[in-house]
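Reading through the structure tokens given below for one structure.
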Amino acid sequence: MAVVETGAAPPSVAEVRPRGATRREAWQRRLPLLPALIYTIVVTQVPFLVTLWYSFQNYFFDTPGGAHWTGVSNYKQVFTSAAFRGALWRSVIMTVTAVLVAMILGVAFALLLDRKFIGRSIVRTLVITPFLVMPAAAALVWAGPMLDPNFGLLNYLLQPFGVHHVAWLSTHALGSVIVVMIWQWTPFMTLIVLAGLQGQPADVLEAAKVDGAGRLATFRELTFPFLRPYIELGILLGSIYLINVFDAVRLMTNGGPGTATTNLPFYLYEQVNNAFDVGGAAAAGVVTVVLTIIVATFALRMFARVFQFEGAGS
Amino acid sequence: MTAVHARTRPPGAQRFREMSGNVGWGLIAWVLGIAFFLPVLWMVITAFKPESAAETWPPKFTFSPTLAEFRLVFSGWGPYVTHSVIATVVSTLLVLLLGVPAAYALAIHPVKRWQDGLFFFISTKMLPIVAAIGPLYVIALKTHLLDNIWLLIILYTAMNLPLAIWLIRSFMLEVPGEMLEAAELDGAGRIRQMGEVIMPVISPGLVSTALICVIFAWNELFLALNLTTTNAATLPMFLISSVPQEGLYIAHLSAAATVASVPVIIVGWVAQRSLVRGLSMGAIK
Amino acid sequence: MAEVKYVQASRVYAKDAPPAVDALDLDIKDGEFMVLVGPSGSGKTTALRMLAGLEPLDGGRIEIGEKDVTWVPPKDRDIAMVFQNYALYPNKTVAENMGFALKMQHVHKDERARRVQEAARLLDLDDQLLGRKPKALSGGQRQRVAMGRAIVREPRVFLMDEPLSNLDAKLRVQTRAQIAELQRRLGITTVYVTHDQVEAMTMGNRVAVLAGGKLQQCDTPRQLYDNPVNQFVAGFIGSPAMNLQTVPLTEEGARLGGTVIPLPTAVRTAASQAGLRELVLGIRPEHMHLADGSGQIKGEVMLVEELGADALLHVRLAESGNQVVARAEGRKPPAPGQDVTFRVQPDDVFAFNPATGARLAG
């Protein structure tokens with residue numbers, strides 16, 4: 001990037017007017033933000049406050065009498081519940097596995113798509129399609145036409161490898177769900193890493209060529225360090241999206257067999273839908289939110305650091 | 001002096017290595033690309049099968065294609081697709097209506113502590129909506145909004161708003177400051193600046209943002225599943241209903257899945273670049 | 001250190017397009033500072049990249065040290081290059097940037113550090129800078145690191161692609177002198193690309209002027225200035241540019257500004273042999289001498305640019321109305337609107353064929 005040694009940098013837009021020159025000015029600035037802000041607060045925070053309130057109540061849908069105060073007994077139940085801990089653990093496993101494998105595959109695909117070859121744009125389109133398939137559709141298509149023990153395509157393709165009519169959703173339920181998550185999210189990782197690869201300045205790579213670096217050395221010394229912020233961004237965003245995966249679990253295995261594939265979102269869903277336990281679900285929900293806040297704080301800090309290569313606003 | 005441009009060629013061994021290198025990796029890319037795409041291909045192929053040809057062993061690759069399942073899908077999907085379209089379009093419009101001014105306040109003439117505002121929005125995205133589903137159900141029940149398309153619209157708007165604000169903000173940051181200063185010197189107030197300078201410049205960005213919101217709203221299952229039954233049921237619900245308790249359904253399911261996915265697939269194919277930008281919340285241009 | 005030869009080297013980008021570099025023949029001597037100069041699109045950067053191995057050749061060959069390197073990859077040519085935008089490795093420190101090539105050659109860590117230190121000293125790079133990353137450096141510092149990266153390698157040939165174009169004017173003048181001095185000291189064959197003819201004239205042992213992919217003239221700066229071989233070189237070299245006017249031919253010479261400028265017999269013969277009725281006359285601004293009233297070329301001053309030591313007069317000549325630029329004493333230049341006369345020495349007048357641009361006789 002050319003750097004011209006002149007005097008001070010031109011003022012950014014915000015500095016053109018001194019900030020908050022008058023009170024009226026300050027309110028004029030806030031006004032456009034208010035509708036979105038108020039809307040978001042009302043629609044997201046109010047349900048959360050209600051959840052908080054219900055978490056201290058004993059409230060079962062199917063029991064007449066409504067809600068009554070029960071202190072922290074719901075919370076005690078959550079912390080002692082093996083089901084909750086199991087769901088939490090499964091969420092962690094599913095998210096971490098899916099994110100890491102998707103990122104590794106994503107880097108591999110990005111490297112392949114960065115080279116020129118015949119039909120490159122077609123292959124790129126093929127690779128990103130899984131991400132565009134409606135998650136509900138993807139779940140159902142994998143569950144049926146792909147993985148069915150009796151007529152699924154996968155069993156047919158794996159026959160030469162000695163695989164016979166495996167009931168994937170029974171014997172390898174968690175793995176199957178994770179596979180679908182990876183299938184749907186690898187394109188996301190690929191696109192992010194590819195954007196990074198294509199953003200590498202060409203003359204730096206040429207300088208490396210002149211300096212005697214072969215393909216492997218160039219990747220190790222220059223390309224991979226350059227890609228790190230993109231990889232971090234992909235992992236961060238992917239985790240945020242993947243931890244909330246619900247469709248695949250509900251539609252492929254319904255959380256089963258047993259609780260083999262029950263993650264947090266599904267667990268909470270079951271509490272409401274099957275157990276009709278609003279109070280218990282609320283407490284579990286609050287605990288989930290608190291955990292998420294803890295993780296999100298780290299994530300946000302990372303976000304800020306990763307986003308600094310965008311150059312935060314005026 | 002004009003020369004006869006006799007094309008010189010690199011020594012044979014080098015040429016072979018270069019070419020086979022390119023062809024080799026290209027081949028691998030094709031194989032992996034097709035393998036990755038296979039389930040989608042299988043879904044579309046199966047959609048054209050008659051049910052009898054769909055559940056066979058070994059799976060059939062040749063059969064006489066039929067549009068029967070598609071016809072069934074189209075005859076059944078009426079209310080569902082209508083609800084999906086309404087929820088998607090209206091929520092996206094609301095998102096733009098609320099999001100553009102908010103992004104303006106966070107980008108062009110920032111409020112004090114605009115970073116806090118930004119991070120507040122993104123934090124709502126990180127909180128799992130699943131946690132509040134019980135109370136949400138109760139609230140919906142008490143406000144008589146259960147199974148009402150407006151409930152979905154309200155929730156989808158809140159779902160997409162943070163992403164849209166981040167995205168639109170990133171587009172607004174690209175408007176050159178000098179353009180706005182020139183407009184101001186020409187006498188344009190804030191609103192005129194917005195309308196005549198900013199909106200035209202960011203309009204492709206607004207389209208990308210709208211597309212992302214459409215994709216997320218269209219595909220949304222969890223809220224629809226829990227908060228609607230018949231009067232507001234959306235397309236994902238229709239998909240679920242195409243899996244009956246008994247009987248053959250694979251071809252029908254494939255047809256429904258194909259029809260449900262095609263709009264988003266086309267949008268995504270056409271707007272690939274916008275997709276990356278949208279999903280990374282504007283971090284990657 | 002080695003000599004470099006372009007032998008009928010060509011580069012064509014699109015089948016029907018004119019070549020970017022058209023059959024270039026250039027011999028660069030061992031230890032010479034050769035400047036490739038020309039306007040944008042002249043092919044100078046392409047020619048440099050062909051030498052580096054970053055562009056393939058579509059015709060001809062390139063030799064370094066008498067060996068044909070046309071198909072040898074860049075890393076095996078023993079060359080070092082300074083890129084226009086420096087192309088520093090963003091995630092590496094200055095020391096790592098400079099030592100990178102040595103690392104690729106598996107040079108031992110200590111030896112690497114020693115050579116990096118030496119190059120840093122040569123370039124006036126502070127020790128504390130060695131640990132910083134490129135984004136923490138100023139433009140001038142980055143430029144020196146880019147040079148350091150090349151020097152450390154002790155290659156046979158230095159390639160420089162407009163290394164000064166991103167610096168501000170003052171720094172450019174400073175660095176120009178430093179680069180020339182450095183090359184003299186190190187004695188490494190250098191090929192330097194620039195679009196700035198002042199850089200070319202002050203830095204090069206010899207200068208190759210390119211236009212449209214073709215070599216126009218390769219000579220010492222003095223020769224290019226005094227003996228341009230065609231109209232392009234005459235008009236490109238020298239600042240302010242030589243006055244080039246299309247004028248009608250007469251019996252004894254050419255008509256300009258109300259008088260006939262005498263031309264040598266050889267020139268007149270060449271002109272009549274080529275069947276010319278008019279030709280392009282070239283006179284440098286400093287060769288138009290102000291004569292108070294006694295000069296033959298008459299004109300009216302339109303604009304005076306005062307530069308302090310000199311003044312540049314934009315003059316509209318009598319009769320034909322051509323606009324020329326003349327250099328005058330800075331102290332008391334004529335005023336705009338004033339009528340003036342000029343004298344020229346016949347030796348200072350160049351004549352060019354208007355159709356081909358080639359110099360007539362001379």
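The values are calculated or read from the model by the stated rules, or taken from the named source; none is laboratory data. Remember, predicted model here, so these are calculated numbers, not experimental data. Don't worry about glycine lacking a Cβ; one is built from the backbone with ideal geometry, like all the others, and counts go over all protein chains shown. Side chains included, ligands, DNA and RNA excluded: accessible areas come from the protein's heavy atoms. Shrake-Rupley method; radii C 1.70, N 1.55, O 1.52, S 1.80 Å.
Quick check: is even one residue across the range A:296-303 touching a Pro at 6+ places or on another chain (Cβ under 7 Å) and either without any contact (Cβ under 8 Å) to a residue 12 or more places away in the chain or of a type in the set (Asp, Glu) (or both)? Scanning the range A:296-303, I find no residue that is touching a Pro at 6+ places or on another chain (Cβ under 7 Å) and either without any contact (Cβ under 8 Å) to a residue 12 or more places away in the chain or of a type in the set (Asp, Glu) (or both), so the answer is no. Looking only at residues of the range C:11-25 that are part of a loop (DSSP other than H, G, I, E, B) and touching a residue at least 24 places away in the same chain (Cβ under 8 Å), we find that the one that is most open to solvent (accessible area, probe 1.4 Å) is C:Pro18. Among the residues making up the range C:70-104, a single one is touching a strand residue (DSSP E or B) at 6+ places or on another chain (Cβ under 6 Å) and free of Cβ contacts under 8 Å to residues at least 24 places away in the same chain: C:Thr70.
Looking only at the range A:147-168, which residues are in contact with a Leu (Cβ under 7 Å, 6 or more places away or on another chain) and assigned to a loop (DSSP other than H, G, I, E, B)?
Pass one, the range A:147-168, residues in contact with a Leu (Cβ under 7 Å, 6 or more places away or on another chain): A:147, A:154, A:168.
Scanning the range A:147-168 gives a single hit, A:Leu147.
In the set (1) over 32 Å from the mean Cα position of the chain (by Cα); (2) within 11 Å of another protein chain (Cβ to nearest Cβ), C:Asp127 fails one condition alone, (2).
If the condition is being in contact with an Asp or Glu (Cβ under 8 Å, 6 or more places away or on another chain) and open to solvent by 40 Å² or more (accessible area, probe 1.4 Å), then the range C:146-164 contributes only C:Arg156. A:Tyr230 - would you say it is facing chain B (nearest Cβ under 10 Å) and closer than 30 Å to C:Lys133 by Cβ? For A:Tyr230, the condition - facing chain B (nearest Cβ under 10 Å) and closer than 30 Å to C:Lys133 by Cβ - is met. For the range A:238-277, filtering for residues that are assigned to a helix (DSSP H, G or I), facing chain B (nearest Cβ under 10 Å) and within 26 Å of A:Phe60 (Cβ to Cβ) leaves 10.
What do you reckon, is B:Arg277 more than 12 Å from chain A (Cβ to nearest Cβ) and of a type in the set (Lys, Arg)? When the stated conditions are applied, B:Arg277 does not pass them.
What's the number of the condition B:Ser52 fails, among (1) among the hydroxyl-bearing types (Ser, Thr, Tyr); (2) at pLDDT 90 or above; (3) open to solvent by 70 Å² or more (accessible area, probe 1.4 Å)? Of (1) among the hydroxyl-bearing types (Ser, Thr, Tyr); (2) at pLDDT 90 or above; (3) open to solvent by 70 Å² or more (accessible area, probe 1.4 Å), only one is false for B:Ser52: (2). Highlighted here are the helices (runs of 4 or more DSSP H) found entirely within the range B:189-266 that include at least 2 residues which are within 12 Å of chain A (Cβ to nearest Cβ) and over 18 Å from B:Leu279 (Cα atoms): B:222-227, B:235-241.
Would you list the helices (runs of 4 or more DSSP H) that sit entirely within the range A:169-225 and hold 1 or more residues that are in contact with a Pro (Cβ under 7 Å, 6 or more places away or on another chain), crowded, with 20+ Cβ neighbours inside 10 Å and among the polar types (S, T, N, Q)?
Values: elements: A:173-198, A:202-210, A:215-218.
So the answer is A:173-198.
For the range A:34-72, give me each residue that is among the polar types (S, T, N, Q) and either under 19 Å from A:Asn274 (Cα atoms) or without any contact (Cβ under 8 Å) to a residue 24 or more places away in the chain (or both).
Kept after step one, since they are among the polar types (S, T, N, Q), are these residues of the range A:34-72: A:40, A:44-45, A:51, A:55, A:57-58, A:63, A:70.
Hits for the range A:34-72 are A:Thr40, A:Thr44, A:Gln45, A:Thr51, A:Ser55, A:Gln57, A:Asn58, A:Thr63.
Looking across the range B:228-279 at every residue that is among the hydroxyl-bearing types (Ser, Thr, Tyr) and touching a helix residue (DSSP H, G or I) at 6+ places or on another chain (Cβ under 6 Å), the one that is most open to solvent (accessible area, probe 1.4 Å) is identified as B:Ser274.
Scanning the range A:124-145 for residues that are without any contact (Cβ under 8 Å) to a residue 60 or more places away in the chain, within 23 Å of B:Ala29 (Cα to Cα) and open to solvent by less than 10 Å² (accessible area, probe 1.4 Å) gives A:Thr129, A:Pro130, A:Leu132, A:Val133.
Scanning the range A:40-94 for residues that are more than 12 Å from chain B (Cβ to nearest Cβ), open to solvent by less than 70 Å² (accessible area, probe 1.4 Å), closer than 25 Å to A:Val245 by Cβ and of a type outside the set (A, V, I, L, M, F, W, C) returns A:Ser81, A:Gly86, A:Arg90. Filtering the range B:136-188 to residues that are open to solvent by less than 10 Å² (accessible area, probe 1.4 Å), more than 7 Å from every other protein chain (Cβ to nearest Cβ) and without any contact (Cβ under 8 Å) to a residue 24 or more places away in the chain leaves nothing.
Scanning the range C:295-311 for residues that are touching a residue at least 24 places away in the same chain (Cβ under 8 Å), assigned to a strand (DSSP E or B) and open to solvent by less than 50 Å² (accessible area, probe 1.4 Å) yields a total of 4. Taken over the range A:148-164, residues that are open to solvent by less than 10 Å² (accessible area, probe 1.4 Å) and more than 7 Å from chain B (Cβ to nearest Cβ) amount to 2.
Let's see how each residue does on (1) small (Gly, Ala, Ser); (2) in contact with a Gly (Cβ under 8 Å, 6 or more places away or on another chain); (3) at pLDDT 85 or above:
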residue	(1), (2), (3)
A:Gly212	yes, no, yes
A:Phe219	no, no, yes
A:Phe226	no, yes, yes
A:Asp247	no, no, yes
A:Val287	no, no, yes
A:Ile293	no, no, no
A:Arg301	no, no, no
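Name the helices (runs of 4 or more DSSP H) wholly within the range C:174-236 that hold at least 1 residues that are out of contact with any helix residue (DSSP H, G or I) (no Cβ under 8 Å at 6 or more places or on another chain) and surrounded by 22 or more Cβ atoms within 10 Å (Cβ to Cβ)?
Working: elements: C:197-203, C:221-226, C:231-236.
Of the helices (runs of 4 or more DSSP H) lying wholly inside the range C:174-236, those with at least 1 residues that are out of contact with any helix residue (DSSP H, G or I) (no Cβ under 8 Å at 6 or more places or on another chain) and surrounded by 22 or more Cβ atoms within 10 Å (Cβ to Cβ) span C:231-236.
Taking the range C:52-89 as the search range and keeping residues that are more than 14 Å from chain A (Cβ to nearest Cβ) and of a type in the set (Lys, Arg), which one is nearest to the chain's Cα centre (by Cα)? Taking the candidates together, the pick is C:Arg61. The number of residues in the range C:11-51 being within 11 Å of another protein chain (Cβ to nearest Cβ) and in contact with a helix residue (DSSP H, G or I) (Cβ under 9 Å, 6 or more places away or on another chain) comes to 4.
Tell me, which helices (runs of 4 or more DSSP H) lie completely within the range C:37-145 with 2 or more residues that are under 30 Å from C:Phe236 (Cβ atoms) and open to solvent by less than 20 Å² (accessible area, probe 1.4 Å)?
On the way: elements: C:44-52, C:94-104, C:109-122.
Filter on the range C:37-145 gives C:44-52.
Here C:Asp226 fulfils each of the conditions (1) closer than 30 Å to C:Val7 by Cβ; (2) among the charged types (D, E, K, R); (3) in contact (Cβ under 8 Å) with a residue 12 or more places away in the chain apart from (3).
Taking the conditions (1) more than 7 Å from every other protein chain (Cβ to nearest Cβ); (2) touching a Lys or Arg at 6+ places or on another chain (Cβ under 8 Å) in turn, B:Trp25 satisfies each one other than (1).
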